[in-house]
Amino acid sequence: MVVQAYILIQTDVGKAADVARAIAQVKGVTLAEDVTGPYDVIVRAEARNVDELGKLVVSRVQNLEGITRTLTCPVVHI
């Protein structure tokens, strides 16, 4: 079963569009859009398991230039 999550991202001022374009190229990211509100970019990502999802966020997403904070929200199926 695939693990899916939304990653809410805050960026440096004026960097949302650049971050969204860059993160859309990351393997495991299925959607990346710049938005308004308390977060600047919302990403939908998927991985084979929770460990892979964590590695995706920490090693690939958080290392992108312009990102100041992330919040990962795993999708649950109730």
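Would you check if Asp18 is more than 10 Å from the chain's Cα centre (by Cα), surrounded by fewer than 16 Cβ atoms within 10 Å (Cβ to Cβ) and not in a loop (DSSP other than H, G, I, E, B)? In short, no.
Inside the range 49-78, can you point out the residues that are in contact (Cβ under 8 Å) with a residue 40 or more places away in the chain, among the polar types (S, T, N, Q) and loosely packed, with under 13 Cβ neighbours inside 10 Å? Passing the criteria: only Asn49.
Kindly check whether there is at least one residue in the range 41-48 that is exposed (fewer than 13 other Cβ atoms within 10 Å of the Cβ), over 13 Å from Gln62 (Cα atoms) and of a type outside the set (Ser, Thr, Tyr). The answer is yes, given that some residue of the range 41-48 is exposed (fewer than 13 other Cβ atoms within 10 Å of the Cβ), over 13 Å from Gln62 (Cα atoms) and of a type outside the set (Ser, Thr, Tyr). The number of residues in the range 41-69 that are part of a loop (DSSP other than H, G, I, E, B) and either farther than 11 Å from Ile7 by Cα or in contact with a Pro (Cβ under 8 Å, 6 or more places away or on another chain) (or both) comes to 6.
For Pro38, the conditions (1) surrounded by fewer than 18 Cβ atoms within 10 Å (Cβ to Cβ); (2) within 11 Å of the chain's Cα centre (by Cα) are fulfilled apart from (2).
Applying the selection to the range 27-68, what residues are among the charged types (D, E, K, R) and under 18 Å from Val13 (Cα atoms)? Residues satisfying the conditions are Glu33, Asp34, Asp40, Glu65.
Values quoted throughout were computed directly from the atomic coordinates according to the rules given, and no laboratory measurement underlies them. Computed from a predicted model, the values in this text were never measured in an experiment. Neighbour counts are summed over all protein chains in view; Cβ atoms, including those assigned to glycine, are modelled from backbone coordinates with ideal geometry.
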